[in-house]
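Q: The following block contains the structure, expressed as C-alpha coordinates.
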Amino acid sequence: GRAELHLSLGKYLEAQQALDVTLALAPDGPIPVFYQACLEAVQGRTEEALAAWERAVAKGFHDWDLARRIPYLDTLRAEERFYQHLPAGER
(Lines give C-alpha, C1' and ligand atoms only; values in the text may rest on other atoms or scores of the structure.)
Protein backbone atom coordinates (compact mmCIF):
# COMPACT_ATOMS: atom_id res chain seq x y z
CA GLY A 1 0.00 0.00 0.00
CA ARG A 2 1.70 3.11 1.31
CA ALA A 3 5.24 1.82 0.84
CA GLU A 4 4.56 0.97 -2.79
CA LEU A 5 3.02 4.42 -3.36
CA HIS A 6 6.01 6.20 -1.83
CA LEU A 7 8.38 4.00 -3.81
CA SER A 8 6.59 4.89 -7.05
CA LEU A 9 6.94 8.58 -6.21
CA GLY A 10 10.65 8.25 -5.46
CA LYS A 11 10.09 9.01 -1.76
CA TYR A 12 12.47 6.38 -0.48
CA LEU A 13 12.62 7.49 3.16
CA GLU A 14 8.84 7.44 3.41
CA ALA A 15 8.73 4.08 1.63
CA GLN A 16 11.21 2.65 4.14
CA GLN A 17 9.22 4.02 7.07
CA ALA A 18 6.02 2.45 5.74
CA LEU A 19 7.81 -0.84 5.12
CA ASP A 20 9.24 -0.82 8.64
CA VAL A 21 5.72 -0.56 10.07
CA THR A 22 4.36 -3.27 7.78
CA LEU A 23 7.28 -5.62 8.48
CA ALA A 24 6.85 -5.11 12.23
CA LEU A 25 3.17 -6.03 11.96
CA ALA A 26 3.58 -8.90 9.47
CA PRO A 27 7.19 -10.14 9.64
CA ASP A 28 6.41 -13.33 7.74
CA GLY A 29 4.64 -11.66 4.83
CA PRO A 30 6.48 -12.10 1.53
CA ILE A 31 5.05 -9.00 -0.18
CA PRO A 32 6.57 -6.41 2.18
CA VAL A 33 9.93 -8.15 1.91
CA PHE A 34 9.57 -8.14 -1.88
CA TYR A 35 9.07 -4.38 -1.80
CA GLN A 36 12.06 -4.08 0.52
CA ALA A 37 14.07 -5.72 -2.27
CA CYS A 38 12.62 -3.21 -4.73
CA LEU A 39 13.51 -0.28 -2.49
CA GLU A 40 17.07 -1.51 -1.97
CA ALA A 41 17.50 -2.14 -5.70
CA VAL A 42 16.39 1.33 -6.83
CA GLN A 43 18.83 2.84 -4.36
CA GLY A 44 21.70 0.85 -5.84
CA ARG A 45 22.14 -1.46 -2.86
CA THR A 46 22.37 -4.65 -4.89
CA GLU A 47 23.59 -6.97 -2.13
CA GLU A 48 20.86 -5.84 0.27
CA ALA A 49 18.29 -6.09 -2.52
CA LEU A 50 19.33 -9.64 -3.40
CA ALA A 51 19.22 -10.66 0.26
CA ALA A 52 15.69 -9.22 0.59
CA TRP A 53 14.66 -10.94 -2.68
CA GLU A 54 15.92 -14.27 -1.30
CA ARG A 55 14.00 -13.70 1.96
CA ALA A 56 10.81 -12.84 0.04
CA VAL A 57 11.03 -16.05 -1.99
CA ALA A 58 11.80 -18.07 1.16
CA LYS A 59 8.68 -16.58 2.79
CA GLY A 60 6.53 -17.65 -0.15
CA PHE A 61 6.70 -14.88 -2.75
CA HIS A 62 5.64 -16.41 -6.06
CA ASP A 63 4.38 -13.64 -8.36
CA TRP A 64 7.06 -14.36 -10.95
CA ASP A 65 5.37 -12.21 -13.58
CA LEU A 66 5.56 -9.18 -11.30
CA ALA A 67 9.19 -9.94 -10.46
CA ARG A 68 10.06 -10.13 -14.16
CA ARG A 69 8.37 -6.88 -15.15
CA ILE A 70 8.51 -4.44 -12.22
CA PRO A 71 11.05 -1.75 -13.11
CA TYR A 72 12.47 -1.48 -9.59
CA LEU A 73 14.20 -4.83 -10.04
CA ASP A 74 15.89 -4.00 -13.36
CA THR A 75 19.34 -4.04 -11.78
CA LEU A 76 18.67 -7.35 -10.02
CA ARG A 77 17.63 -9.04 -13.22
CA ALA A 78 21.20 -8.49 -14.42
CA GLU A 79 22.38 -10.75 -11.56
CA GLU A 80 22.49 -14.53 -11.90
CA ARG A 81 21.68 -14.80 -8.20
CA PHE A 82 18.22 -13.31 -8.91
CA TYR A 83 17.35 -16.19 -11.24
CA GLN A 84 18.59 -18.88 -8.87
CA HIS A 85 15.43 -18.36 -6.86
CA LEU A 86 12.96 -18.63 -9.72
CA PRO A 87 11.47 -22.02 -10.53
CA ALA A 88 13.07 -23.61 -13.60
CA GLY A 89 10.02 -22.95 -15.77
CA GLU A 90 10.03 -19.24 -14.83
CA ARG A 91 13.64 -18.40 -15.74
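Q: Surrounded by 14 or more Cβ atoms within 10 Å (Cβ to Cβ) and more than 17 Å from His85 (Cα to Cα) - does that describe any residue in the range 43-60? Reasoning before the result, please.
A: Filtering the range 43-60 down to residues surrounded by 14 or more Cβ atoms within 10 Å (Cβ to Cβ) leaves 43, 45-46, 48-57, 59.
So of that shortlist, the ones also more than 17 Å from His85 (Cα to Cα) come out as 43, 45.
Yes, the conditions are met somewhere in the range 43-60.
Q: Still on this structure, I have one more. Determine whether the range 23-41 contains at least one residue that is on the phi > 0 side of the Ramachandran plot and open to solvent by 50 Å² or more (accessible area, probe 1.4 Å). Break it down into steps so the answer makes sense when it comes.
A: The first filter runs over the range 23-41 and keeps only residues on the phi > 0 side of the Ramachandran plot, leaving none.
No: zero hits.
For (1) modelled with pLDDT of 95 or more; (2) over 14 Å from the mean Cα position of the chain (by Cα), each residue gets a yes or a no:
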| position | (1), (2) |
| --- | --- |
| Leu23 | no, no |
| Leu39 | yes, no |
| His62 | no, no |
| Arg69 | no, no |
| Leu76 | no, no |
| Gln84 | no, yes |
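Q: Here are the criteria: (1) under 19 Å from Gly1 (Cα atoms); (2) out of contact with any Lys or Arg (no Cβ under 7 Å at 6 or more places or on another chain). Tell me which single one Arg45 does not satisfy.
A: Exception for Arg45: condition (1).
Q: Could you check Ala67 against (1) open to solvent by 30 Å² or more (accessible area, probe 1.4 Å); (2) assigned to a helix (DSSP H, G or I) and say which number it fails?
A: Condition (1) is where Ala67 drops out.
Q: Mind counting the residues in the range 17-31 that are in contact (Cβ under 8 Å) with a residue 12 or more places away in the chain and either closer than 21 Å to His62 by Cα or touching a Ser or Thr at 6+ places or on another chain (Cβ under 9 Å) (or both)?
A: Qualifying residue count for the region: 7.
Q: Pick from Glu4, Glu14: which is out of contact with any Ser or Thr (no Cβ under 9 Å at 6 or more places or on another chain), more than 13 Å from Tyr72 (Cα to Cα), open to solvent by less than 90 Å² (accessible area, probe 1.4 Å) and without any contact (Cβ under 8 Å) to a residue 60 or more places away in the chain? Lay out the reasoning, then the answer.
A: Working: Glu4 fails: more than 13 Å from Tyr72 (Cα to Cα).
Checking each option against the conditions leaves just Glu14.
The values are calculated or read from the model by the stated rules, or taken from the named source; none is laboratory data. Since the model is a prediction, treat every value here as computed from it, not as a measurement. FYI the Cβ positions are ideal-geometry reconstructions off the backbone, even for glycines, and counts take in every protein chain you see. Remember, those area values only see protein heavy atoms, side chains included, never the ligands or the DNA or RNA. Shrake-Rupley method; radii C 1.70, N 1.55, O 1.52, S 1.80 Å.
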